[in-house]
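The next block holds one structure in the form of structure tokens; read it before the comments.
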Amino acid sequence: DVKVTQSSRYLVKRTGEKVFLECVQDMDHENMFWYRQDPGLGLRLIYFSYDVKMKEKGDIPEGYSVSREKKERFSLILESASTNQTSMYLCASSTPGTGVHEQYFGPGTRLTVT
Amino acid sequence: DQQVKQNSPSLSVQEGRISILNCDYTNSMFDYFLWYKKYPAEGPTFLISISSIKDKNEDGRFTVFLNKSAKHLSLHIVPSQPGDSAVYFCAASARKGNTPLVFGKGTRLSVIA
């Protein structure tokens, strides 16, 4: 059973703080993704990674960075949190290959920046 | 520019009736389509998928229909149950190339008992 875990379910941070969101998957997946979900805007891709130490910008990378030092772990970093980064953050993983396109999601982290 | 569109933000259906959720796409390279279901405070979970070589895929109460010429797919839930109340996301992928899924904005389904 695929498992994607996220370090926190709920997080409250102050404006200007550096925030780390951690994601770990246990299925040896090559691909990992970070999304944010906001009402009326759906799932928006922030960053993704196809391999260790590789990263690609998604649709909304501004204000974020990522780190992938190990295959199973993908971290999202908010260098200086702002109130407009209050959101639900979702991590996902998948494996490339013909016909295998399902992304498995973690439970999400609800981040509030005050 | 939205490549995957779910034009109905919400849908309300009586228990026992059919729920029909619609999705349109613009990119003709998309050849694999998925539906995800999301409850509040949880991550999305995979529901059902369809390849472009098919026009229908069925799994229990859930059926997805694909009309390639219209670039349209729909998810049918029959009969609808209160536990189906959730946000449903349509997603699309091009199998050539390891690219992320492209998601629609979601449709909130409410099944009323």
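Does the stretch A:63-114 hold any residues that are facing another protein chain (nearest Cβ under 8 Å), at positive phi and free of Cβ contacts under 8 Å to residues at least 24 places away in the same chain, and which are they?
A:Gly99
All but one of (1) out of contact with any Gly (no Cβ under 9 Å at 6 or more places or on another chain); (2) within 14 Å of another protein chain (Cβ to nearest Cβ) hold for B:Gly43; which doesn't?
Here B:Gly43 clears every test but (1).
Tally up the residues in the stretch B:90-113 that are farther than 25 Å from A:Pro39 by Cβ, open to solvent by 40 Å² or more (accessible area, probe 1.4 Å) and either hydroxyl-bearing (Ser, Thr, Tyr) or under 17 Å from the mean Cα position of the chain (by Cα) (or both), please.
Residues meeting the conditions: 1.
Counting only residues that are touching a residue at least 12 places away in the same chain (Cβ under 8 Å), surrounded by fewer than 20 Cβ atoms within 10 Å (Cβ to Cβ) and aliphatic (A, V, I, L, M), how many does the stretch A:27-41 have?
Count: 1.
Identify the residue in the stretch A:56-68 that is within 22 Å of A:Met27 (Cα to Cα) and modelled with pLDDT of 95 or more and, among all such residues, is surrounded by the most Cβ atoms within 10 Å (Cβ to Cβ).
Taking the stretch A:56-68 first, the residues within 22 Å of A:Met27 (Cα to Cα) are A:56, A:66-68.
Now restrict to residues that are modelled with pLDDT of 95 or more: A:66-68.
Values: A:Val66: 22, A:Ser67: 16, A:Arg68: 20.
Top of the filtered list is A:Val66.
Quick one: A:Tyr47 ticks every box in (1) within 12 Å of the chain's Cα centre (by Cα); (2) touching a residue at least 60 places away in the same chain (Cβ under 8 Å) bar one, so which box is it?
In the conditions (1) within 12 Å of the chain's Cα centre (by Cα); (2) touching a residue at least 60 places away in the same chain (Cβ under 8 Å), A:Tyr47 misses (2) alone.
Looking at (1) part of a strand (DSSP E or B); (2) surrounded by 13 or more Cβ atoms within 10 Å (Cβ to Cβ); (3) not charged (D, E, K, R), which one does B:Ser12 not meet, given that it meets all the others?
Only one criterion is unmet by B:Ser12, namely (2).
Looking only at the stretch B:16-37, decide whether some residue is loosely packed, with under 14 Cβ neighbours inside 10 Å, of a type in the set (Ser, Thr, Tyr) and free of Cβ contacts under 8 Å to residues at least 24 places away in the same chain.
no
With A:Thr15, A:Thr109 as the choices, which residue is open to solvent by 40 Å² or more (accessible area, probe 1.4 Å) and more than 30 Å from B:Ser51 (Cα to Cα)? Spell out how you get there, then give the answer.
Working: A:Thr109 fails: open to solvent by 40 Å² or more (accessible area, probe 1.4 Å).
Testing whether each residue is open to solvent by 40 Å² or more (accessible area, probe 1.4 Å) and more than 30 Å from B:Ser51 (Cα to Cα) leaves just A:Thr15.
The values are calculated or read from the model by the stated rules, or taken from the named source; none is laboratory data. This one's a predicted model, so the numbers in the text were calculated from it and none came from an experiment. When we count neighbours, we look across all protein chains shown, and the Cβ atoms used for this are built from the backbone with ideal geometry, even at glycine. What goes into the accessible areas is simple: the full protein's heavy atoms, side chains included, and nothing from ligands, DNA or RNA. Shrake-Rupley method; radii C 1.70, N 1.55, O 1.52, S 1.80 Å.
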